[in-house]
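Trainee: Below you'll find the structure I mean.
Here, each number is a calculation from the coordinates, and none is a lab measurement. No experiment lies behind these values; they were computed from the predicted model shown. Cβ placement follows ideal geometry from the backbone for every residue including glycine, while neighbour counts extend to all protein chains displayed.
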């Protein structure tokens, strides 16, 4: 029993290695990563999606299921990170197991084909020549004319030519493997050490406090100041573009400035500030209205401007103060309530104070019978313009693994270019003598992909060698062949 247990323990590492290095294992794991990555682009992800939008998009039961399984934050879940690590280990195991043979093929190319190799090579041709040296020289000139370098192979009993192009193509698969490892490394680093948050700013304000997805506040070593924000709309009123003018303030001085739009962030010290949202704060910035003396009193209308809790004198005896702004009001049980922060049905509450009468009057716009005292006010008010506060919503991300992801993307583009468009071609030219004593050039070639195009290239090589052979040598060789045949 003890012997069988030790045997099983010794076999287990080998089985694990074989499983990891299996092409099937790697393919299955990569397919799973692709499927879940695609799910992460289809399923709304936290914290980029507002909680209210999540609740509107999914039923309560479905949302609980998605949150419990981590599908609402796929790229930061432990099981997704574990899957990336497994894929990386599988790629490394497969590469380590197969690389020695590939490297021997790459570092020590087969330059002098023997007879058995020449017999089975699918792509080959024979050209009769009178002399080995002149035949090889003609082949060298032909390869040079076609832009191919040649190497003369000297053996104790034979001479031959070898030519190849783009041997690096044989290593392209390992370039792709390295690119995948870099991409997965970047995702793993971002999942473990990266974070995302949200920052809301109004024009003229600055902050260095970022609210992360779990509600915690993170302090960054510099401040972001909003110098302006706005939106552009289409003719039908739908949003066309949001923009924000941001400045980076560090050590009390401005060190960077940029106007950002969607997908064009401000990047500073590894932090990215994306334009995520734009809207109104529901707070009043400025109220412009006309004030006219009431009850037939003499006086012309005057335009005044009020901010929150600001007091403006109407005459030597009377002043008005803005004390309350409700963006979307509703009256219930004799009280005014705010229904929402959307500026759809605004109301303002002002207090008009008279020093002579030593009295204050509550004025509401619009009038609200039973609540306001507008009729007792010494002035009537006609609103002209209402300016409310606006904000810009910034998505903040710290992704320390992005350098690896982008390096992997570039490396993958290079590797795939070699895989699909760079062909490793090899040519051999060997003088041979048949059973009748006739001398000929055996020409063989092979390519690792795109065989149909290579066949055309091989025919061009053969035709060029024939052109390089002098006509008299060809005729002499044919005459010698004819005499030998008699």
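Trainee: Which FRET efficiency value, to the nearest 0.05, do you get for residue 281 and residue 259 by plugging their Cβ-Cβ distance into 1/(1 + (r/R0)^6) with R0 = 30 Å? Don't jump to the answer; show the numbers that get you there.
Mentor: Working: r = 21 Å, r/R0 = 0.70.
For R0 = 30 Å, the calculated efficiency reads 0.90.
Trainee: Here's a follow-up. Please determine, in degrees from 0 to 90 and to the nearest 10, the orientation of helix 172-193 with respect to the longest principal axis defined by the Cα atoms of the chain, where the helix direction is its Cα long axis.
Mentor: 20 degrees
Trainee: Measure nothing but the geometry: give the 0 to 90° angle between the long axis through the Cα atoms of 78-107 and the longest principal axis through the Cα atoms of the chain, rounded to 10°.
Mentor: Computed tilt is about 20 degrees.
Trainee: In degrees from 0 to 90, rounded to the nearest 10, what is the angle of the helix 23-42 Cα long axis to the longest principal axis of the chain?
Mentor: Taking Cα atoms only, the helix is inclined about 20 degrees.
Trainee: Follow-up question, since we're still on this one. If I model a spin label at residue 131 and residue 35 as a point 7 Å from the Cα along the Cα→Cβ vector, what separation in nanometres do I get?
Mentor: Between residue 131 and residue 35, the label points sit 7.0 nm apart.
Trainee: Could you work out how much longer the chain between residue 245 and residue 117 gets when fully extended? Use 0.36 nm per residue separation minus the Cα distance between them, nm to one decimal. Could the numbers behind the result be given before it?
Mentor: Details: separation 128, 0.36 × 128 = 46.08 nm, distance 7.06 nm.
Stretched out fully, the residue 245 to residue 117 stretch lengthens by 39.0 nm.
Trainee: Which values of log₁₀ I(q)/I(0), to two decimal places, follow from the Debye formula for region 18-152 at q = 0.17, 0.19 Å⁻¹ with a uniform point scatterer at every Cα?
Mentor: -1.01, -1.11
Trainee: Return the FRET efficiency for the residue pair residue 144, residue 192: r is the Cβ-Cβ distance, R0 is 60 Å, and the value is rounded to the nearest 0.05.
Mentor: Numbers: r = 56 Å, r/R0 = 0.93.
Efficiency, from the Cβ-Cβ distance: 0.60.
Trainee: Suppose each label sits 7 Å from its Cα in the direction of the beta carbon; what would the residue 315-residue 205 distance come out to in nanometres?
Mentor: 4.0 nm
Trainee: To continue, here is another question. Using the 10 angstrom Cβ neighbour count as an exposure proxy, how do 106, 420 rank, fewest first?
Mentor: 420, 106
Trainee: Calculate the FRET efficiency for residue 432 and residue 28 from the Cβ-Cβ distance with a Förster distance of 41 Å, rounded to the nearest 0.05.
Mentor: Details: r = 49 Å, r/R0 = 1.20.
That pair, residue 432 with residue 28, gives E of 0.25.
Trainee: Right, another one. At what distance in nm do the modelled label points of residue 67 and residue 385 sit from each other, each positioned 7 Å from its Cα along Cα→Cβ?
Mentor: According to this spin-label approximation, the distance is 4.5 nm.
Trainee: Give me the number: length gained by fully extending residue 103 to residue 337, i.e. 0.36 nm times residue separation minus the C-alpha to C-alpha distance, one decimal in nm. Don't jump to the answer; show the numbers that get you there.
Mentor: Numbers: separation 234, 0.36 × 234 = 84.24 nm, distance 7.75 nm.
Using 0.36 nm per residue and subtracting the Cα-Cα distance, I get 76.5 nm.
Trainee: Relative to the present Cα-Cα distance, how much length would full extension add between residue 159 and residue 417 at 0.36 nm per residue of separation? Don't skip to the end; give the middle numbers.
Mentor: Details: separation 258, 0.36 × 258 = 92.88 nm, distance 3.59 nm.
Net length gain for the segment: 89.3 nm.
Trainee: Right, another one. Which of these values of Cα Rg over 2.2 N^0.38 Å was calculated from the structure shown: (i) 1.14; (ii) 0.99; (iii) 1.76?
Mentor: This structure yields the entry labelled (iii).
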